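To start, the structure itself, in structure tokens.
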Amino acid sequence: MSQLDKKRIGTGANPFSDSSKSFHFYPSQSHRRGVHRITRGLRSACGLILLIGEIGIGKTTLARHVQSSCRREFAFAELGNPYLTPNEQLHFLCSRFKVNATGLTTTDDYVQALRRCFVRLLEQGRPPVVVLDESHLLDRAHFGLLLILSNLRHEEKPLVQILLVGQMELLERLAEPGLEAMNQRIGVRCELAPLNREDTGRYIQFKLHKAGHLGRSPFTYKAVARIWEISGGLPRLINHACSHALDHAGFAGKTRITPDNIERVYRDPLYTGLFRIRTQPERRTRRAVPAIAATVLCLVLAGFFFWFRFGAGVGEKSPDNQMAHNMVRMAPEPAPDMSQLLVEPRFSARDDADMGTPVVVEEAGSGMSSQTGQTDIGSVKFGPAVLNEGSRNNEERVGTYPVPEPGSPVNALSVDAVAWDKNPDKRMAIINGTILHAGDAIMGIRLHAITPNGLVLEYDGKLYERDAPGADGQ
């Protein structure tokens with residue numbers, strides 16, 4: 001370990017090393033919810049349970065925490081090698097459940113031997129549970145075996161329960177033709193969400209504490225904020241950033257780690273691929289949109305308004321004006337750096353969160369009148385479209401919720417464009433270069449609603465308002 005580690009941590013151990021030997025479970029809100037839902041599913045004998053999440057988010061750590069905390073209630077067997085053949089997996093399960101596999105050759109031989117073992121375990125009060133890690137790499141033959149095991153019943157209950165742990169691609173696998181029965185039998189579904197800014201700081205302190213460091217953290221507040229930005233809140237990448245920063249700062253003889261130290265790690269050619277791999281399209285969550293899609297949409301919307309401005313006349317109160325019920329406000333800022341982008345899917349581990357509460361709606365003020373105004377699209381200014389009174393009904397209005405503080409993460413979001421329509425399904429916003437609809441989330445902040453004048457955003461259980469770009473007349 002470096003000089004800094006020995007001085008600040010005291011034990012000489014790297015507090016951010018690979019946790020494969022010592023699984024210290026950090027209980028973030030998302031991870032606590034995952035543990036609660038999985039244990040509840042096991043105790044209710046639901047049969048099949050699904051746990052998915054991004055690479056490095058802590059799926060294996062959570063699964064092993066469940067096994068450790070429930071080992072007196074259940075008999076667990078973990079399968080971590082998805083490349084074994086189905087019969088090899090059955091043979092491995094026999095060894096884990098202490099079943100004599102001598103003379104067993106066919107799939108049916110293994111299944112019947114395991115069935116007898118499972119019945120004995122149930123009678124002893126320790127129901128068997130099979131944990132399959134890296135389940136997104138299983139092929140059809142493996143899924144067929146899992147279906148056979150899930151069909152085993154005892155007194156109208158599953159004889160063995162199965163926990164599938166895998167990356168986001170597992171959902172696509174289960175949606176393939178022929179796997180409908182398997183997909184429909186999943187009783188509990190959990191998706192882990194990345195750590196937010198506050199949890200990232202607490203996670204770093206938690207790792208330091210587990211390594212024996214009880215003093216002040218060597219990471220400054222701004223350094224933690226930068227770690228969260230480059231890691232996207234993924235624990236494994238947080239570990240990498242902290243470990244490398246400790247090593248670099250220790251070599252330089254420093255006792256405090258600043259944003260410059262984190263930036264040096266991030267910009268180092270040896271590490272940039274490490275922190276940017278999660279922004280590649282195949283590693284994003286299923287609702288993430290590439291930057292090019294946002295750029296194309298901006299160009300299309302700009303061309304759309306050019307046509308109405310110089311061809312049909314946006315500001316005219318005419319029955320032929322098809323934009324009478326629509327408003328799009330766009331900001332002139334360029335698309336942000338997508339390397340720091342983190343998008344959460346609409347249905348995440350927070351799927352039990354409030355998805356919207358009806359509010360009392362007041363009539364929009366004169367700011368929504370058809371008087372000539374200016375809205376920027378790049379360097380060109382357009383008059384805003386006209387909205388009639390009927391289009392304002394049942395809409396949350398700007399002024400209902402507080403404006404975020406200057407240092408708030410909500411205020412740090414870049415609202416590039418807002419597209420409002422009478423039809424809620426057609427409303428969208430471009431935030432940090434990503435297309436979002438109501439219910440989607442980005443950087444731990446959920447888009448609660450899209451209004452004619454702006455956005456209602458939810459962060460840390462509270463609702464805030466952000467004006468649409470150009471709404472202030474600038």
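Any idea how many residues of the range 46-72 are outside any loop (DSSP other than H, G, I, E, B) and over 30 Å from HIS240 (Cβ atoms)?
Just the residues of the range 46-72 that are outside any loop (DSSP other than H, G, I, E, B), to begin with: 48-52, 59-69.
Now narrow it down to the ones that are over 30 Å from HIS240 (Cβ atoms): 48.
Count: 1.
From the list LEU147, LEU170, LEU195, LEU121, which one is of a type in the set (A, V, I, L, M) and assigned to a loop (DSSP other than H, G, I, E, B)? Don't jump to the end; show me each part of the working.
Working: LEU147 fails: assigned to a loop (DSSP other than H, G, I, E, B); LEU170 fails: assigned to a loop (DSSP other than H, G, I, E, B); LEU121 fails: assigned to a loop (DSSP other than H, G, I, E, B).
The unique qualifying residue is LEU195.
Hey, does the range 39-55 have a residue that's modelled with pLDDT under 95, outside the structural domain of ILE238 (by TED's automatic domain parsing) and of a type in the set (A, V, I, L, M)?
yes
Limited to the range 209-241, what total is found for residues that are farther than 15 Å from ARG197 by Cβ, in a helix (DSSP H, G or I) and at pLDDT 90 or above?
Qualifying residue count, the range 209-241: 3.
Of the residues that sit in the range 418-434 and are of a type in the set (Val, Ile, Thr) and either surrounded by fewer than 16 Cβ atoms within 10 Å (Cβ to Cβ) or in contact (Cβ under 8 Å) with a residue 40 or more places away in the chain (or both), which one is farthest from THR451 (Cα to Cα)? So that I can check it myself, show each step before the final result.
Here is the first cut: in the range 418-434, the ones of a type in the set (Val, Ile, Thr) are 418, 430-431, 434.
Keeping just the survivors that are either surrounded by fewer than 16 Cβ atoms within 10 Å (Cβ to Cβ) or in contact (Cβ under 8 Å) with a residue 40 or more places away in the chain (or both) gives 418, 430, 434.
On the way: VAL418: 9, ILE430: 14, THR434: 18 Å.
Across the range 418-434, the extreme among qualifying residues is THR434.
Just wondering, is there one or more residues in the range 244-255 that are outside any helix (DSSP H, G or I), in contact (Cβ under 8 Å) with a residue 24 or more places away in the chain and surrounded by 19 or more Cβ atoms within 10 Å (Cβ to Cβ)?
First pass over the range 244-255, keeping only residues outside any helix (DSSP H, G or I): 252-255.
This time we only want the ones that are in contact (Cβ under 8 Å) with a residue 24 or more places away in the chain, so: 253-255.
With surrounded by 19 or more Cβ atoms within 10 Å (Cβ to Cβ) added as a condition, the list becomes none.
Checking the range 244-255: not a single residue is outside any helix (DSSP H, G or I), in contact (Cβ under 8 Å) with a residue 24 or more places away in the chain and surrounded by 19 or more Cβ atoms within 10 Å (Cβ to Cβ).
Report the residue count in the range 73-107 for those that are surrounded by 14 or more Cβ atoms within 10 Å (Cβ to Cβ), without any contact (Cβ under 8 Å) to a residue 24 or more places away in the chain and not in a loop (DSSP other than H, G, I, E, B). Explain how you work it out, then say what you get.
Here is the first cut: in the range 73-107, the ones surrounded by 14 or more Cβ atoms within 10 Å (Cβ to Cβ) are 73-79, 82, 84, 86-87, 89-94, 96-97, 99, 101, 104, 107.
Remaining after also requiring without any contact (Cβ under 8 Å) to a residue 24 or more places away in the chain: 84, 87, 91-92, 94, 96, 99, 101, 104.
If we keep only those that are not in a loop (DSSP other than H, G, I, E, B) as well, we get 87, 91-92, 94, 96.
So the answer is 5.
Can we say ASP5 is modelled with pLDDT under 95, among the charged types (D, E, K, R) and not in a loop (DSSP other than H, G, I, E, B)?
Numbers: modelled with pLDDT under 95: yes; among the charged types (D, E, K, R): yes; not in a loop (DSSP other than H, G, I, E, B): yes.
Yes; evaluated as a whole, the condition is true for this residue.
Do you know which residues across the range 425-474 are assigned to a loop (DSSP other than H, G, I, E, B) and hydroxyl-bearing (Ser, Thr, Tyr)?
Narrowing the range 425-474 to residues assigned to a loop (DSSP other than H, G, I, E, B): 427, 432-433, 437-440, 443-444, 451-453, 460-461, 468-474.
Of everything in the range 425-474, just one residue is assigned to a loop (DSSP other than H, G, I, E, B) and hydroxyl-bearing (Ser, Thr, Tyr), namely THR451.
Just one of the numbered conditions (1) over 30 Å from LEU147 (Cα atoms); (2) in contact with a helix residue (DSSP H, G or I) (Cβ under 9 Å, 6 or more places away or on another chain) is not true of GLU191; which one?
Of (1) over 30 Å from LEU147 (Cα atoms); (2) in contact with a helix residue (DSSP H, G or I) (Cβ under 9 Å, 6 or more places away or on another chain), only one is false for GLU191: (1).
What residue, of GLU172, GLU123, GLU176, is modelled with pLDDT under 95 and under 18 Å from GLU73 (Cα atoms)?
Details: GLU172 fails: under 18 Å from GLU73 (Cα atoms); GLU176 fails: under 18 Å from GLU73 (Cα atoms).
Going through GLU172, GLU123, GLU176 in turn, the sole match is GLU123.
Just wondering, is there one or more residues in the range 206-229 that are β-branched (Val, Ile, Thr), within 20 Å of ASN14 (Cβ to Cβ) and either touching a residue at least 40 places away in the same chain (Cβ under 8 Å) or assigned by TED's automatic domain parsing to the domain that holds GLY407 (or both)?
There is no residue in the range 206-229 that is β-branched (Val, Ile, Thr), within 20 Å of ASN14 (Cβ to Cβ) and either touching a residue at least 40 places away in the same chain (Cβ under 8 Å) or assigned by TED's automatic domain parsing to the domain that holds GLY407 (or both).
Read through the list (1) surrounded by 14 or more Cβ atoms within 10 Å (Cβ to Cβ); (2) modelled with pLDDT of 95 or more, then give the number of the only condition that HIS36 fails.
Answer for HIS36: the failing condition is (1).
Residue pairs, Cβ under 9 Å, 6 or more apart or interchain, first in the range 150-162 and outside any loop (DSSP other than H, G, I, E, B), second charged (D, E, K, R). List them.
Hits for this filter: SER150/ARG185; HIS154/ARG115.
Would it be correct to say that GLY166 is at pLDDT 95 or above, in contact with a Ser or Thr (Cβ under 9 Å, 6 or more places away or on another chain) and either of a type in the set (Gly, Ala, Ser) or outside the structural domain of ILE38 (by TED's automatic domain parsing) (or both)? Talk me through it step by step, then tell me what you get.
Values: at pLDDT 95 or above: yes; in contact with a Ser or Thr (Cβ under 9 Å, 6 or more places away or on another chain): yes; either of a type in the set (Gly, Ala, Ser) or outside the structural domain of ILE38 (by TED's automatic domain parsing) (or both): yes.
The answer is yes for GLY166.
Which residue out of ALA412, ALA438 is small (Gly, Ala, Ser) and farther than 20 Å from GLU229 by Cα? Can you show your working first?
Details: ALA412 fails: farther than 20 Å from GLU229 by Cα.
Sole residue among the options that is small (Gly, Ala, Ser) and farther than 20 Å from GLU229 by Cα: ALA438.
Of all residues in the range 78-129, count the ones that are under 24 Å from GLU155 (Cα atoms) and in contact with a strand residue (DSSP E or B) (Cβ under 8 Å, 6 or more places away or on another chain).
Just the residues of the range 78-129 that are under 24 Å from GLU155 (Cα atoms), to begin with: 90, 93-94, 97-99, 107-129.
Then drop every residue that is not in contact with a strand residue (DSSP E or B) (Cβ under 8 Å, 6 or more places away or on another chain), which leaves 93, 97, 117-119, 121-122, 126-129.
Matching residues across the range 78-129 total 11.
The values are calculated or read from the model by the stated rules, or taken from the named source; none is laboratory data. Predicted model, so just to flag it, every value in this text is computed and none were measured. Note that each Cβ is placed from the backbone with ideal geometry, even for glycine, and that neighbours are counted across all protein chains shown.
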